[in-house]
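Structure, as structure tokens:
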Amino acid sequence: MANKRDYYEVLGLSKSAGDDEIKKSYRKLAKQYHPDMNPGDKTAEEKFKEVNEAYAVLSDPEKKSKYDQFGHAAFDPAMGGGGAGFDGFGGFDFGDIFSSFFGGGGGGGARRNGPTRGEDLQYRLTLTFEEAAFGCKKDLSYGRVERCSDCGGNGAAKGTTPETCPNCGGSGQVRSAQRTAFGVFQTTHACDHCRGTGKIVKSPCKNCNGKGYVKIQKKLTVTIPAGIDDGEYMRLSGQGNEGRNGGPAGDLIVAIYVRDHQIFERDGTTLYCEVPITFAEAALGAEIEIPTLTGTTKYSIPEGTQTGTSFTVRGEGIVSTRTGRKGDLIFRVVVEVPKNLTEKQKQLLRDFAEESGQKNYAKRQSFFKKFKK
């Protein structure tokens, strides 16, 4: 834990940063260091993992509260936590630091034969812009720890069963007394003979080497909801590592990364794009075609439209995952200056300029007066 950078430092934030700032910084850095954008760059890959690890903690109010109070020690296995490492986006278990004081986790007085929740797993899923906008189904394949089917999780070879530890009597804990100047103090710690399990396996299962659990390749089809955004997470309950001794399974956390679109930019449920128009269309007004995610639509722009003017097309944005309502499409027109004009076209423009010259001169004079003031 000594070599870990501060999570706020990783995301370039102050400790007073709010949820929106944390999400905005994460999305920027995740795109910057994403493996798809930096193929073969090991440094970028490590930074991407570091950014995701920091966001996984700071975006969760409970984990953030622990981190703000205890720092990395809140997730240090040596302190009773489960560790926040991603192991290539494999398992990570954000344990409770208090477990080391109240009988859980890997602390000195902890029992290991009680029910233990399985670790959470994280999976990075890359979507196209359209897949995120409209929703889709995706097949996932990831490593998951499950109970060994040969021994049923007890670690003993077929035909045998684990024996009760003679050293602790099956409790997984032993007591020791120490005489001091203040009297005799008794402490409880995990049994060294059975490593806190309360059981001794003399004939280990060959399939799991006596561990009781094996890592398998899990395949899962998930439904991605329409409107999911870059940087969001999906939590699939019970799809993480299997729990021990009757404990519940952890969750699978699917981290969403959305590729950029060639035309559109997105902000929440609102889409933005630029649409080129001709000088004539801007001056006279026209009905033009606007690109949408589903095709095109017609929109009438008024005469005298200036370059940079924005217009809104209602209901052509992204659907909200919370309300089910569609956002809007806002397009900005850019007037294109004509090139390679014929001599006739040039003369027409000269005539136009001469016709409107006095009016434009008056406008420029008014502008410079305001500028001087």
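For segment 280-320, a tally of residues being among the acidic types (Asp, Glu) and part of a loop (DSSP other than H, G, I, E, B) returns 2.
Just one of the listed residues (TYR123, TYR213) is at pLDDT 85 or above, aromatic (Phe, Trp, Tyr) and more than 23 Å from the chain's Cα centre (by Cα), and it is TYR213.
Every listed requirement among (1) surrounded by 13 or more Cβ atoms within 10 Å (Cβ to Cβ); (2) within 21 Å of LEU125 (Cβ to Cβ) is met by ASP36 save one, (1). Filtered by the rule that a residue be over 12 Å from VAL333 (Cα atoms) and either surrounded by 13 or more Cβ atoms within 10 Å (Cβ to Cβ) or more than 40 Å from the chain's Cα centre (by Cα) (or both), segment 266-284 gives ARG266, THR269, THR270, LEU271, ALA280, ALA283, LEU284.
For (1) surrounded by 11 or more Cβ atoms within 10 Å (Cβ to Cβ); (2) of a type in the set (Gly, Ala, Ser); (3) in contact (Cβ under 8 Å) with a residue 60 or more places away in the chain; (4) in contact with a Cys (Cβ under 9 Å, 6 or more places away or on another chain), each residue gets a yes or a no:
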{"position": "GLU146", "(1), (2), (3), (4)": "yes, no, yes, no"}
{"position": "CYS151", "(1), (2), (3), (4)": "yes, no, yes, yes"}
{"position": "ALA156", "(1), (2), (3), (4)": "yes, yes, no, yes"}
{"position": "CYS168", "(1), (2), (3), (4)": "yes, no, no, yes"}
{"position": "VAL174", "(1), (2), (3), (4)": "yes, no, no, yes"}
{"position": "SER203", "(1), (2), (3), (4)": "yes, yes, no, no"}
{"position": "TYR213", "(1), (2), (3), (4)": "yes, no, yes, yes"}
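Look through segment 239-259, keep the residues that are within 19 Å of the chain's Cα centre (by Cα) and not hydrophobic (A, V, I, L, M, F, W, C), and return whichever of them is most open to solvent (accessible area, probe 1.4 Å).
Only one residue tops the list, namely ARG259.
Determine whether THR292 is open to solvent by less than 40 Å² (accessible area, probe 1.4 Å) and either at pLDDT 95 or above or of a type in the set (Ser, Thr, Tyr) (or both). Taking the combined requirement at face value, the residue satisfies it.
Note on segment 237-257: residues that are of a type outside the set (S, T, N, Q) and in contact with a Phe, Trp or Tyr (Cβ under 9 Å, 6 or more places away or on another chain) amount to 7.
The values are calculated or read from the model by the stated rules, or taken from the named source; none is laboratory data. Since we're looking at a predicted model, the values are computed, not measured. Counting neighbours? That spans all protein chains shown, and the Cβs are built from the backbone with ideal geometry, glycine included. Ligands, DNA and RNA are excluded from the accessible area calculation, which covers all protein heavy atoms including side chains. Shrake-Rupley method; radii C 1.70, N 1.55, O 1.52, S 1.80 Å.
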